[in-house]
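The values are calculated or read from the model by the stated rules, or taken from the named source; none is laboratory data. Everything quoted here is computed from the prediction, not taken from an experiment. Neighbour counts are summed over all protein chains in view; Cβ atoms, including those assigned to glycine, are modelled from backbone coordinates with ideal geometry. Accessible surface areas use protein heavy atoms only, side chains included; no ligands, DNA or RNA. Shrake-Rupley method; radii C 1.70, N 1.55, O 1.52, S 1.80 Å.
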Amino acid sequence: MPAGVYVVVEHLNGQIAELSFELLSAGRQLADARAGKLYALVLGAGGEASGVAGACGAADAALCVDHAALAGFAPEAHIVQLAALLKERPPAVTLVSNSSKGMDLAPALAVALGVAVVTNVAGLAVEGAKIVATSRLYGGKIAVEAEVEGGAAVLSLLAGAFPADKGKSGKPVAVETVSPCPQLDNARVAFKRLERPEAADIDISKQEVLVSVGRGIQDKENLALVQELAEALGAALCASRPLVDMGWMPKSRQVGKSGASVKPKVYLAVGISGAPEHVQGMKDAATIIAINSDPKAPIFDVAHYGVAADLFEVVPALTEKLRALRG
Ligand SMILES: Cc1cc2nc3c(=O)[nH]c(=O)nc-3n(C[C@H](O)[C@H](O)[C@H](O)COP(=O)(O)OP(=O)(O)OC[C@H]3O[C@@H](n4cnc5c(N)ncnc54)[C@H](O)[C@@H]3O)c2cc1C
């Protein structure tokens, strides 16, 4: 049975992406269940790869490749190099993030290696020689189980599906430098530069308490009501997509499929229907509270607590109560 598990590590400016720690955590679990080894694959340029590899202590070894063509992310170079490296080893499981990079890598790498690919993976189990991967499709509406016979495959894992903490370890890791493959000298696509979005005032994915507002607020001027509630609660304000599309809130405050995924301790959804694209970004909040005038609104299916009432009555009353409690 092929027992090795390989994790493709994403990094930027010498920092490993949180998603990659989630992969290392899932990979560790898989490797242990299959009595195999876990390898971190770190590609980069200018010595960046070996610098980053030291933080992959959850792995048994880190394999580093350094070449100018591997600077930043040019999919062709990364696919060619990963395929060359993995072809020299026994067929194994390769884990990539379901990120924009991972979506480029997973199918092409699977074709190059001649193995199966399973995307959007949120759960993994080992049953004898088989790996059972559970994927969440259509914004989480459908769960699909795929059995990988023999266990050799490329799997792309959804963000937030595995605990990043278990992928972080201060243990020293054996670092092996692998020679770059010759095709990198002829790579046809080169990474030129990274253009960063304008810095957001706050990072909503790191907030503990969020008040999120949706189209039920009806008018831009009414946002003051929820802003006051957020302040009384010590929370940050975020929103559903329509409010961002209308220019009422900045894009950096959008929660959902095409916005940010958030995991606060408390998520208070005000006038939000609970469309799957919104729920995808907030369903992992520890406590979800919804205020919506429609008792059949789907947000109540994911909410732990709900108030089926007019937000224009509930929100000011709640703000007043909170202010009184806080003195
Ligand atoms: C590819 C794609 C990506 C998308 N990405 C995202 C995304 O990242 N994030 C996102 O949020 N959406 C996203 N959407 C849009 C999503 O499908 C929904 O259209 C959107 O989430 C709805 O926003 P809403 O709940 O604010 O508005 P609505 O669906 O219009 O809901 C408004 C709610 O307010 C309630 N309401 C009205 N008046 C009151 C009142 N006085 N008091 C209390 N409640 C009231 C209503 O009962 C209703 O439930 C995406 C869609 C697509 C196709």
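Side notes on the structure shown:
- Some residue of the range 261-270 being in contact with a Cys (Cβ under 9 Å, 6 or more places away or on another chain) and within 10 Å of the ligand (Cβ to nearest atom): no
- Residue in the range 301-315 that is open to solvent by 60 Å² or more (accessible area, probe 1.4 Å), at pLDDT 95 or above and part of a strand (DSSP E or B) present: yes
- Criterion applied to ASN13, ASN98 was being within 22 Å of the chain's Cα centre (by Cα), more than 19 Å from GLU176 (Cα to Cα) and open to solvent by 50 Å² or more (accessible area, probe 1.4 Å), and the one residue passing it is ASN13.
Listed here are the residues, each with its yes/no results for (1) in a helix (DSSP H, G or I); (2) open to solvent by 30 Å² or more (accessible area, probe 1.4 Å); (3) over 19 Å from VAL5 (Cβ atoms).
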| residue | (1), (2), (3) |
| --- | --- |
| GLY46 | no, yes, yes |
| SER50 | yes, yes, yes |
| GLY57 | no, no, no |
| VAL65 | no, no, no |
| LEU82 | yes, no, no |
| LEU86 | yes, no, no |
| ARG89 | no, yes, no |
| THR94 | no, no, no |
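- Restricting attention to the range 284-300 and to residues that are away from the ligand (no atom under 12 Å from the Cβ) and touching a residue at least 24 places away in the same chain (Cβ under 8 Å), the residue that is most open to solvent (accessible area, probe 1.4 Å) turns out to be ASP284.
- For the range 240-283, taking the residues that are in contact with a Lys or Arg (Cβ under 6 Å, 6 or more places away or on another chain) and farther than 15 Å from ILE299 by Cβ, the one that is most open to solvent (accessible area, probe 1.4 Å) is identified as TRP248.
- Within the range 26-44, the set of residues being open to solvent by 20 Å² or more (accessible area, probe 1.4 Å) and part of a strand (DSSP E or B) comprises TYR39 only.
- Only residues that are over 23 Å from the mean Cα position of the chain (by Cα) and either part of a helix (DSSP H, G or I) or within 11 Å of the ligand (Cβ to nearest atom) (or both) were counted across the range 223-244, and they come to 12.
- Residue within the range 237-248 that is more than 30 Å from TYR39 (Cβ to Cβ) and touching a residue at least 40 places away in the same chain (Cβ under 8 Å) present: no
- Residue check: TYR267 meets all listed conditions (1) farther than 29 Å from LEU325 by Cα; (2) under 22 Å from the mean Cα position of the chain (by Cα); (3) among the hydroxyl-bearing types (Ser, Thr, Tyr) but one, namely (1).
- Within the set VAL266, VAL279, VAL209, the sole residue that is of a type outside the set (Asp, Glu), touching a Gly at 6+ places or on another chain (Cβ under 9 Å) and modelled with pLDDT of 95 or more turns out to be VAL209.
- Of ALA190, ALA161, all but one fail to be within 30 Å of THR287 (Cβ to Cβ) and touching a residue at least 24 places away in the same chain (Cβ under 8 Å); the exception is ALA161.
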